[in-house]
1. What aspartates and glutamates sit close enough to LYS21 to cross-link, taking a C-alpha to C-alpha distance under 14 Å and skipping anything fewer than 8 places away on the same chain?
2. Hey, got the dipole for the stretch 56-127? About the Cα centre, +1 on K and R Cβ, -1 on D and E Cβ, debye to the nearest 20?
3. Tell me which lysines have Cα within less than 29 Å of LYS5's Cα, excluding those fewer than 8 residues away on the same chain?
4. Which value at 222 nm does the chain reach when only helices count, each DSSP H run of 4 or more adding -39,500 (n - 2.57), with the total divided by all residues and rounded to the nearest 500 deg cm²/dmol?
5. From largest accessible area down, sort THR85, THR111, THR23; use a 1.4 Å probe on the protein chains.
6. At a 1.4 Å probe radius, which order do HIS127, HIS52, HIS65 fall into by accessible area, largest first?
7. How large is the accessible surface of LYS79 in square angstrom, using a 1.4 angstrom probe and rounding to the nearest 10?
8. Along the charge dipole of the chain, Cβ charges K/R +1 and D/E -1, which of ALA7, ILE38, ALA110 sits furthest on the positive end?
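The values are calculated or read from the model by the stated rules, or taken from the named source; none is laboratory data. Owing to the predicted nature of the structure, the values given are computational and were not obtained by experimental measurement. All Cβ positions, glycine included, derive from the backbone under ideal geometry; neighbour counts span all protein chains shown. Only protein heavy atoms, including side chains, enter the accessible area calculation; ligands, DNA and RNA are left aside. Shrake-Rupley method; radii C 1.70, N 1.55, O 1.52, S 1.80 Å.
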Amino acid sequence: MKEKKKAVAKEPAIRLVMMPKYTNPDGDIFGGIILSMIDEAAAVEAQRQGHHRYVTVAMDSIQFHRPVRVGDIVSLWCKTIKIGTSSLQIQIEVMANPRRTDENYTVTEATVTMVAINENREPVPIHS
Ligand SMILES: CC(C)(COP(=O)(O)OP(=O)(O)OC[C@H]1O[C@@H](n2cnc3c(N)ncnc32)[C@H](O)[C@@H]1OP(=O)(O)O)[C@@H](O)C(=O)NCCC(=O)NCCS
């Protein structure tokens, strides 16, 4: 019988202060940085569900709702929404807390699919 997926994490997979080195030429945080953090957060969440080597096979429904700025504290919240045989579908919500404020709002959302693989890079069951 398959193990049940673990409940929603009580803390973000990743929390990071946005530094000037992450900006695009216009001074906002580069979208590629956010995507990279989403990929890392999905990997952290995947380990919570089962200890394997994972690869990212798909990133879907990526929506950049609001810009992220230097100094924002960015938190990535993950929720596993589907466990297949070797794949996990993880919903990611990126929240920004602008510097010296109590504001906290959603800036980006995405769904990431990770696949557990073995040393030959073949898919393996997450829960055997
Ligand atoms: C991930 C990988 C091993 C899957 O290999 P594959 O031959 O497609 O394997 P399968 O067809 O058996 O699919 C394996 C699982 O992935 C899922 N999958 C494959 N392609 C997918 C896609 N585009 N979107 C969502 N899920 C996908 C399948 O539904 C299956 O899920 P399940 O086992 O839960 O039913 C292979 O595609 C790969 O190595 N991709 C490159 C990964 C990579 O380098 N990522 C970037 C760096 S981490």
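1. Straight-line reach from LYS21, under 14 Å: ASP72.
2. That gives the stretch 56-127 a dipole magnitude of about 140 debye.
3. LYS79, LYS82
4. -5000 deg cm²/dmol
5. From most exposed to least exposed: THR85, THR23, THR111.
6. The residues order as HIS65, HIS52, HIS127, largest area first.
7. Approximately 100 Å² for this residue.
8. ALA7
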